[in-house]
Amino acid sequence: LHTAYRRQRQMCIRDRHLLEALKHVRMVSTEMKAVILCNLARVHLELANGDSAARHLAEAQRYSELAIALHTLLKGTAYHHQGRVAHKRGDLKLARALYTKAIREKEASGASKDAIEVSKAALSLANA
């Protein structure tokens, strides 16, 4: 338990430093920064279980919101991550709304068919 807590704390510190660095880096494109934020959201979603679930879901939500604000092309992916957060929290109505929004954003931005299908599959699970 002690080592798991330390590992989570180290990840939180690392993520905070990464966010601070992203604010000041000028050579990385806005799109790349948004990709990094979406990946951080995905990592926290994958770690969301057990005693640390609430904290990881909150982090995933925060990173996906930052990605949405940062870059419109990645809105679909970020909305999908927010849908996963809502789904894991048991809020199926919100999850369905966010997955639907993700599908629309992905279609509007010309995302790949596979990316759209992932959100459609998640929406089907939320409807089940």
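The values are calculated or read from the model by the stated rules, or taken from the named source; none is laboratory data. Since the structure is predicted, the reported quantities are computational estimates derived from the model, not experimental observations. For neighbour counting, all protein chains shown are included, and Cβ atoms are generated from backbone atoms with ideal geometry for every residue, glycine included. These accessible areas exclude ligands, DNA and RNA; they are computed on the full protein's heavy atoms, side chains included. Shrake-Rupley method; radii C 1.70, N 1.55, O 1.52, S 1.80 Å.
Of everything in region 105-116 that's over 17 Å from the mean Cα position of the chain (by Cα) and open to solvent by 50 Å² or more (accessible area, probe 1.4 Å), which residue is nearest to A69 (Cα to Cα)? Explain how you work it out, then say what you get.
Pass one, region 105-116, residues over 17 Å from the mean Cα position of the chain (by Cα): 107-110, 112-114.
Add one more test, that the residue is open to solvent by 50 Å² or more (accessible area, probe 1.4 Å), and what stays is 107-108, 110, 112-114.
Working: E107: 19, A108: 17, G110: 19, S112: 21, K113: 24, D114: 24 Å.
The residue in question is A108.
Of all residues being without any contact (Cβ under 8 Å) to a residue 24 or more places away in the chain and not hydrophobic (A, V, I, L, M, F, W, C) in region 57-81, which is nearest to E105 (Cα to Cα)? Just the residue, please.
The initial filter retains those residues of region 57-81 that are without any contact (Cβ under 8 Å) to a residue 24 or more places away in the chain, namely 58, 62, 65, 68-69.
Still in the running and not hydrophobic (A, V, I, L, M, F, W, C): 62, 65.
On the way: R62: 19, E65: 14 Å.
This residue is E65.
For region 73-95, the set of residues classified as within 18 Å of R42 (Cα to Cα) and open to solvent by 70 Å² or more (accessible area, probe 1.4 Å) consists of L73, K88, R89, listed by residue number.
Given the options L37, L45, name the one that is touching a Leu at 6+ places or on another chain (Cβ under 7 Å) and either at pLDDT 75 or above or in a helix (DSSP H, G or I) (or both).
Numbers: L45 fails: touching a Leu at 6+ places or on another chain (Cβ under 7 Å).
Step by step, each of L37, L45 is checked, and only L37 is touching a Leu at 6+ places or on another chain (Cβ under 7 Å) and either at pLDDT 75 or above or in a helix (DSSP H, G or I) (or both).
A quick yes/no check of all residues on (1) closer than 27 Å to A128 by Cβ; (2) modelled with pLDDT under 85:
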residue: A4; (1), (2): no, yes
residue: C12; (1), (2): no, yes
residue: R16; (1), (2): no, yes
residue: H24; (1), (2): no, yes
residue: L66; (1), (2): no, yes
residue: T72; (1), (2): no, yes
residue: Q82; (1), (2): yes, no
residue: R89; (1), (2): yes, no
residue: S112; (1), (2): yes, yes
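Checking E65, E46, E59 one by one, the residue that is on the phi < 0 side of the Ramachandran plot, acidic (D, E), under 13 Å from the mean Cα position of the chain (by Cα) and surrounded by 19 or more Cβ atoms within 10 Å (Cβ to Cβ) is E59 and no other.
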